[in-house]
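Nothing in this text is a laboratory measurement; each read-out follows from the coordinates by a stated rule. Remember, predicted model here, so these are calculated numbers, not experimental data. Cβ placement follows ideal geometry from the backbone for every residue including glycine, while neighbour counts extend to all protein chains displayed.
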Amino acid sequence: MNLILNILKNIPLFQTLSEEEDKLLIDHITMQYFPAHYQLFQKGVLGSAMYLIKSGMVRIFNEEGDLASLGEGDFFGEMALIENEARMASAETLSDCEIFVLNKEDFAALMQKNADIANKVQAAYQQRKAENGPTR
C-alpha cells in the first residue's frame with residue numbers, strides 16, 4: 001500500500017487528498033499482471049483506466065515513434081478518469097509488468113459517493129487543464 005500511496009502523491013489529480021481519502025481511492029485500485037509486449041491501449045481509443053507501475057517497463061508511443069519509457073513508480077492515463085476523449089498515444093509493456101489499475105467506472109462510483117474527493121479532484125483537474133492549455 002505504501003508504494004501506491006507514494007505514487008498517488010505524485011499524481012497532480014490526487015495531491016490534495018487526505019490520508020483517509022487516499023485509502024478510499026486505494027480500495028478501488030487492483031493489481032494486474034501483464035506479459036512483455038502486451039498492448040495496454042491504443043491511440044484513438046476512449047480511455048477507460050489509469051495505470052501505476054509497480055514493476056516492469058512500459059513504452060508510450062504513437063505512429064511517429066516512442067514518446068516515453070516508464071518504469072517503477074511511474075503513472076500514466078490519469079486524464080482518462082475524467083475526460084471522455086480518445087487516447088493521444090498507445091501503451092505497450094516492454095517486460096513482464098505488475099501494474100496497479102484504477103478503472104474509470106470504479107473512480108466514477110467513488111466520486112459519486114464522496115463529494116470531498118470529487119471536489120478536490122475536479123479542482124486539480126481544472127488547474128492542470130489551465131496550465132497545459134488546449135490539447136488540440
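Here are some notes:
- Burial order of peptide ranges 45-55, 11-21 (average beta-carbon count within 10 Å, highest first): 45-55, 11-21
- With θ taken as phi - 60° and the Karplus curve 6.51 cos²θ - 1.76 cosθ + 1.60 applied, the whole-hertz 3J(HN,Hα) list for segment 22-31 is 4, 5, 4, 5, 4, 4, 9, 9, 10, 8 Hz, x standing for glycine and proline.
- For the chain, adding -39500 (n - 2.57) for each run of n ≥ 4 DSSP H residues and dividing by the number of residues yields -9500 deg cm²/dmol at 222 nm.
- Which labelled figure in [x] 11, 41, 33, 12, 2, 0; [y] 12, 43, 36, 9, 0; [z] 13, 48, 35, 4 is P(r) over Cα pairs in 10 Å bins from 0, in percent, once derived from the coordinates: [y]
- Other residues with beta-carbon under 12 Å from the beta-carbon of L94 carry, at +1 per Lys or Arg and -1 per Asp or Glu, a net charge of -2.
- Dipole of the chain, positive direction: furthest Cα of S48, L8, C97, with charges on the beta-carbon: S48
- Count Lys and Arg as plus one, Asp and Glu as minus one, and take only other residues whose Cβ is under 13 Å from that of L25; the net charge is then -4.
- Sum of side-chain charges, M57 neighbourhood, beta-carbon under 15 Å (Lys, Arg +1; Asp, Glu -1): -4
- Length released on extending from Q32 to A130, taking residue separation times 0.36 nm less the Cα-Cα span: 32.0 nm
- Counting only alpha carbon atoms, the long axis of helix 115-132 and the longest principal axis of the chain meet at about 50°.
- Around the amide H of Q32, modelled in the peptide plane, lie the amide H atoms of I99, F100, V101, all under 5 Å away and 5 or more residues distant in sequence or on another chain.
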